[in-house]
Amino acid sequence: MNAKKIAGEKAADYVKDGMTVGLGTGSTVYWTILKLGERVKQGLELRGVPTSERTRQLAEQLGIPLVPLAEAEPLDLTIDGADEISDELDLIKGGGGALFREKMVALASKRLLIVADESKRVQRLGAFPLPVEVVPFAWEVTARRIERLGCHPRLRLADKGTFLTDNGNFILDCDCGLIAEPAVLNRKLKELTGVVDTGLFIGMADTVIIGASEGAKTVERQCGTDA
Ligand SMILES: O=C(CO)[C@H](O)[C@H](O)COP(=O)(O)O
């Protein structure tokens, strides 16, 4: 069976009546949103906060009531996918290009629940190129600054030209090698003018649900491991 589906559907069990929930982006949380759509049709009271235009469209098609982030804080829970999950439950996100809104919504939430298949678990982050959202103005200059931090940025392309985020920005996919100190790298990147945000989510995930054909495994953040 589809491991992403198993993890995604399991996460929907965490959503209780009356909750305000951040709805993540990607092919794993897709299954969560589908399940929530079914439950809303059966009477579940839920307010969703989408993390991308793609997710907004899906939720609207399913009849999930949506609310702008500015009117929703604090959210009870956000459910989202990830591109890499370390042993410390630090994450690389942004493979789908939604990292900025995903981070905004997750930071406004009491709890962040991540859904993924086993392939996303790593000992150390960095095999997956780190997505960094940058403003388009003189992006090459920002890329050069990132290069000086020891990363190799590559401009993300789409079918027709440069990939644009929902915020109208570019994504630089940065090969930084295996990242020894994710919090330090995150801080250095965020200090650069031109960088909007990075796909490093440090100390943010509370719970991870890993799907596998034999079922879903849940991993909770250990107290005291926050960055
Ligand atoms: O960060 C993301 C989008 O910006 C996604 O959550 C991440 O790419 C995982 O996606 P998928 O569940 O499709 O593997």
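Rule-based calculations on the coordinates, nothing more; no lab input. What you are looking at is a predicted structure, and each value in this text was computed from that prediction instead of being measured. All Cβ positions, even for glycine, are placed from backbone atoms using ideal geometry, and neighbour counts span all protein chains on display.
Descriptive notes on the structure:
- Of PHE137, PHE201, the sequence from fewest to most neighbouring Cβ atoms within 10 angstrom is PHE137, PHE201.
- The alpha carbon centroids of segment 150-177 and segment 80-126 are separated by 18 Å.
- Neighbours of VAL105, meaning other residues whose beta-carbon lies under 10 angstrom from its beta-carbon, give a summed charge of -1 when Lys and Arg score +1 and Asp and Glu score -1.
- Over segment 16-89, the fraction of Cα-Cα pairs per 5 Å bin, rounded to whole percents and listed from the shortest bin up, is 3, 17, 29, 25, 15, 7, 4, 1.
- Footprinting exposure proxy ranking of TYR30, TYR14, fewest other C-beta atoms within 10 angstrom first, gives TYR14, TYR30.
- Rg and Dmax of segment 130-196, Cα atoms only, in Å: 11.5, 36
- Kirkwood estimate for the chain, i.e. one over the average of 1/r between Cα atoms, Å: 17.7
- Exposed loop sites, defined as trypsin sites (Lys or Arg not before Pro) outside DSSP H, G, I, E and B with at most 13 other Cβ atoms within 10 Å, are absent from the longest region of the chain, namely 17-109.
- Over 32 Å between alpha carbons, listed pairs LYS35/LYS190; LYS5/LYS103; LYS10/LYS103; LYS188/LYS217; LYS41/LYS103; LYS41/LYS217: LYS35/LYS190; LYS188/LYS217
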